[in-house]
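The values are calculated or read from the model by the stated rules, or taken from the named source; none is laboratory data. Only a predicted model underlies this, so the values are computations on that prediction, with no experimental measurement involved. A quick note on method: Cβ atoms are made from the backbone with ideal geometry, for glycine too, and the neighbour counts reach across all protein chains shown.
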Amino acid sequence: MHQIRFEVNTLKKETHLNRFEIRDSLLAQNTLLNFIAQAVPLFVGLVTIPFIVRGLGIERFGLFSLALVVLGYFTIFDLGLGQATTKFVAETFGKGEITEIPCLVWTAVISQAILGIIGALVLFGITPLLAERILNIPNELIEEAKTTFYLLALSVPAILISASFRGVLEAMQRFDLVNAIKIPTSTSIFLLPLLGLMWGFRLPGIVALIFGTRILALFVFLILAIYLRPELKKWSASFTLFPQLFFFGGCVTIARSVGAILAYSDRFLIGSIFSMSAVAYYTTPFEAVTKLWIIPASFVITLFPAFSYFTGANDNHKINELVSRSLKYILLIQWPITLVIIIFAREILYIWLGMDFAQKSALTLQILALGVLFSSIAHIPSYLFQGIGRPDLTAKFYSLELPIYLGTAWLLIKNFGITGAAVAWTLRAALDVFLLFGASFTLSRGLPRLLLNEKVPSIGFILLIISAMAYGLKIFINDFPIFLQLLIFIIFFALLGYFIWKKLLNIFDRQLILKKL
């Protein structure tokens, strides 16, 4: 298998030409960097949250959590323009129209600034209503809550504008620089509260520290974007680009919004039909197993600008190569983790949360793990559509799935409780895979052939057979002591790893992995 590479000629100075290459090895490196950038904040949060809770107290920590949720909702004012910047800058590289980059970037920045200011003003305006009426905040914390929300409002424009400059770096596959900023910025949400508590700050002071990191991140992204693309020193913008940017960003926003309903509406249905305890028995395994999404996310964050570049270069063959190889890697990485969760769901929940959760949530966890595998696979065509300029397809499919899913979920939850909710969610994820890949095959006739060349269908079938064997083995040794079960499955997965390495990965795959290791 030949290494996939693409070359983009860029102007380093007005009279000098600079060439940089992006190969499979760089895509693999960037995928690993993106995984680390997502995993580090999760680990830091796991370690630091207990200390933050003790330092702030339950009520202030609850207010802090709500404030971050509110900030997350208000970043929807981005309207997908951050991804639009990445897409169109990368596509411009593919077309070789380098001179268009300043106008494109600064148009996006202006749009983000306007939207950020609107978002900030809205949050400023509704803060008294949030603090005094909507949120059940104790009287002694109302003024503190208002100050906190005002500070968060100021950070909205900075976060939105940063997305445009970050998009320039992502388009150039400079995820080393992106994650050098992203990791400390993300972990600061957990580390700065501890620092603020050491200095005797109250909640507004802690939020002010976080606000400062967002401003600093904005300036660093700006400096790096100008350093890598000196032509950005020349300011320019065009109103004619607004429709293109907003159509793409609007479709992305619709897909995100409907996708959020598809992902989280089940817990509201469970709460309305049963009880809050049933919600807890469902939500806890759901939140745990969906953390596996950092695996496909690490791939698609890297692949999205590559898809966009190849679209600009009109190279559909290499797009299909990226899709098929990425799908193979996601299957081979995430499937063993999913299999372990399915086989040892009861034991995992018992060790983590106790017997009560093990009895009531084990089957739910098993079904959801399968659904997360389906949804992880669906990440690839979803971002493929964005890369080739058809984000409307994902939005349309999600809108089609929504009424079907809500009806199915209500019926299954009413009759089978949280197990029914897990089944409905997993069936919806499987439907998503069917629709997205069906559209991918229609848009790209060469994709099925490349999937066959990469042996993706064969790998899926082999993994399905191995899964059945592993589940049967678990049933057979279920009465064995747990340490003996673990020993048997360690040997089983060691042999499986050897089989995957020798039979399911080709020479190019093995060389690439060894090089990165």
Problem set entry | Matching residues in segment 189-202 - criterion: being assigned to a helix (DSSP H, G or I) and either touching a Pro at 6+ places or on another chain (Cβ under 9 Å) or not assigned by TED's automatic domain parsing to the domain that holds VAL47 (or both) | ILE189, PHE190, LEU191
For this session: Look at ILE465 and say whether it is in contact (Cβ under 8 Å) with a residue 24 or more places away in the chain, loosely packed, with under 13 Cβ neighbours inside 10 Å and farther than 19 Å from ARG325 by Cα.
Result: no
Exercise. If you go through segment 60-76 one residue at a time, do you hit one that is surrounded by fewer than 21 Cβ atoms within 10 Å (Cβ to Cβ) and within 21 Å of ARG390 (Cα to Cα)?
Worked result: yes
Exercise. Touching a helix residue (DSSP H, G or I) at 6+ places or on another chain (Cβ under 9 Å), free of Cβ contacts under 8 Å to residues at least 40 places away in the same chain and of a type outside the set (Asp, Glu): does that describe TRP199?
Worked result: yes
Problem set entry | Leading residue by the ranking (surrounded by the most Cβ atoms within 10 Å (Cβ to Cβ)) among those in segment 147-165 that are among the hydroxyl-bearing types (Ser, Thr, Tyr) and more than 27 Å from LEU129 (Cα to Cα) | SER164
Exercise. Residues in segment 166-175: is at least one on the phi > 0 side of the Ramachandran plot, crowded, with 22+ Cβ neighbours inside 10 Å and under 23 Å from the mean Cα position of the chain (by Cα)?
Worked result: yes
Problem set entry | Criterion (touching a residue at least 24 places away in the same chain (Cβ under 8 Å) and in contact with a Cys (Cβ under 9 Å, 6 or more places away or on another chain)) met by exactly one of GLY116, GLY80 | GLY80
Seminar exercise, completed: Every listed condition ((1) touching a helix residue (DSSP H, G or I) at 6+ places or on another chain (Cβ under 9 Å); (2) at pLDDT below 85; (3) closer than 30 Å to SER162 by Cβ) holds for THR284 save (3)
For this session: Give me a count of the residues in segment 71-113 that are in contact with a helix residue (DSSP H, G or I) (Cβ under 7 Å, 6 or more places away or on another chain) and either under 30 Å from LEU203 (Cβ atoms) or outside any helix (DSSP H, G or I) (or both).
Result: 11
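Quick grid of which residues meet (1) basic (Lys, Arg); (2) modelled with pLDDT of 85 or more; (3) surrounded by fewer than 19 Cβ atoms within 10 Å (Cβ to Cβ):
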| site | (1), (2), (3) |
| --- | --- |
| VAL289 | no, yes, no |
| TRP293 | no, yes, yes |
| ALA306 | no, yes, no |
| ASP315 | no, no, yes |
| LEU322 | no, yes, no |
| ILE330 | no, yes, no |
| GLN334 | no, yes, no |
| ARG346 | yes, yes, yes |
Exercise. Taking the condition at pLDDT 85 or above, closer than 24 Å to ASN506 by Cα and either of a type in the set (D, E, K, R) or touching a Ser or Thr at 6+ places or on another chain (Cβ under 6 Å) (or both), does PRO381 pass?
Worked result: yes
Problem set entry | Residue that is nearest to PHE344 (Cα to Cα) [pool: residues in segment 281-296 that are in contact with a Ser or Thr (Cβ under 9 Å, 6 or more places away or on another chain) and among the aliphatic types (A, V, I, L, M)] | VAL289
